[in-house]
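Heads up, the thing below is written out as structure tokens.
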């Protein structure tokens with residue numbers, strides 16, 4: 001395993017694995033861990049970066065100008081080593097460029113940069129996608145952080161909830177057995193509050209594709225620890241876990257799995273961005289930690 005890259009602020013320490021530029025740990029001054037334990041019995045991930053697709057492709061393939069290519073779920077960025085291009089105190093930046101291997105499955109020139117910054121009790125994660133080729137660059141990108149459930153000092157697991165910035169009354173989407181967006185169901189959110197229970201995930205992830213919110217707060221009640229996740233650049237949100245596990249994934253996305261039955265060109269699918277040559281697109285996710293009342297640094 002590659003050596004983890006550590007950054008710190010007055011209140012937090014983060015550790016990032018250069019393989020996939022993946023956040024592995026986020027702890028406060030008391031050493032309390034806010035990320036998943038990555039128990040391989042449930043899910044060995046921590047916070048993979050999803051690029052150049054989010055989710056599953058129908059039949060595992062997609063089409064560019066009539067030619068078919070294969071990509072595994074969530075793309076290849078999470079399986080590739082990133083170059084550490086800057087590391088100082090509170091900041092670490094990583095870069096992935098296209099290679100002969102990536103171009104065999106994704107025929108585009110690109111540069112993907114991940115920057116992790118700590119400012120007090122806030123972790124800022126920024127993904128920059130640059131089109132370094134001569135033609136348009138179609139892609140999707142998503143964040144997939146797994147947070148501790150229950151939070152450290154958060155008490156009972158079933159006391160935890162997600163509070164949305166705004167009311168979210170619209171239906172959500174579910175995935176079929178092939179991981180494709182297939183059918184909707186009534187939103188389990190009551191007003192702007194979603195009470196968390198493992199039974200919510202018996203049908204896999206819950207997906208919002210018409211969000212009214214640009215942030216959510218994950219907490220277990222007044223005075224309890226909380227995480228606020230801001231994602232103003234991401235129009236979709238997924239919540240996922242495996243029943244019985246000690247994590248909850250709160251996933252801001254700019255992209256979705258294929259709709260069941262989709263057979264069009266890649267650039268036609270929902271959530272795909274088409275970036276012109278020499279252009280850059282930024283995506284930001286902030287995680288603000290509030291420890292249990294009376295224990296703030």
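All of the numbers you see were taken from the coordinates with simple rules; none came from a lab. Source: prediction; values computed, not measured. Note that we place each Cβ from the backbone using ideal geometry, even for glycine, and neighbour counts take in every protein chain shown.
Here the relative contact order of the stretch 22-175, from alpha carbon pairs under 8 Å that lie six or more residues apart, stands at 23 percent.
What Kirkwood hydrodynamic radius, in Å, does the chain give when the mean of 1/r is taken over all pairs of distinct Cα atoms and then inverted? Don't jump to the answer; show the numbers that get you there.
Values: mean 1/r = 0.0511 Å⁻¹.
After inverting the mean inverse Cα-Cα distance, the result is 19.6 Å.
When you restrict to C-alpha pairs under 8 Å that are six or more residues apart and normalise by the size of the chain, the relative contact order lands at 21 percent. Calculated mean residue ellipticity, 222 nm, the chain: -500 deg cm²/dmol, from DSSP H runs (n ≥ 4) at -39500 (n - 2.57) each, averaged per residue and rounded to 500.
In this calculation the C-beta distance from residue 293 to residue 197 is compared with R0 = 35 Å, giving a FRET efficiency of 0.90. At q = 0.16, 0.19, 0.20, 0.23 Å⁻¹, what log₁₀ I(q)/I(0) does a Debye calculation on the Cα points of the stretch 59-134 give, no solvent, two decimals? For the stretch 59-134, the Cα-only Debye profile gives -0.69, -0.87, -0.93, -1.10. Computed over the alpha-carbon pairs of the stretch 1-90, the distance histogram in 5 Å steps reads 3, 12, 17, 19, 17, 12, 8, 5, 4, 2, 0 percent, short to long. If R0 is taken as 25 Å, the Cβ-Cβ distance between residue 190 and residue 259 corresponds to a FRET efficiency of 0.35. How high is the relative contact order of the stretch 160-274? Use alpha-carbon pairs under 8 Å, at least six apart in sequence, and give a whole percent. Reported relative contact order: 25 percent.
Based on the Kirkwood approach, the hydrodynamic radius assigned to the stretch 119-220 is 16.4 Å, with every pair of different Cα atoms included.
Taking label points 7 Å from Cα along the Cα-to-Cβ direction, residue 63 and residue 232 give a separation of 3.9 nm.
Taking the number of other C-beta atoms within 10 Å as the exposure measure, put 171, 246 in order starting with the fewest.
Numbers: 171 13, 246 17.
Listing 171, 246 from fewest to most nearby Cβ atoms yields 171, 246.
Arranged from fewest to most other beta-carbon atoms within 10 Å of their beta carbon, 36, 61 become 61, 36. Sorted into 10 angstrom bins from 0, the C-alpha pair distances of the stretch 179-285 split as 11, 39, 34, 12, 3 percent. For the stretch 219-268, the alpha-carbon radius of gyration amounts to 1.62 times the rule-of-thumb value 2.2 N^0.38 Å expected for a compact globular protein. Along each principal axis, taking the top coordinate minus the bottom one, the Cα set of the stretch 26-68 gives 55, 23, 9 Å in descending order. Taking other C-beta atoms within 10 Å as the exposure proxy, 151, 96 rank 96, 151 from fewest upward. So for the stretch 237-297, considering every pair of alpha-carbon atoms, how many percent are separated by more than 18 Å? Roughly 63 percent, rounded to a whole number. Put the Cα centre of the stretch 170-227 next to the Cα centre of the stretch 230-268 and the gap is 11 Å.
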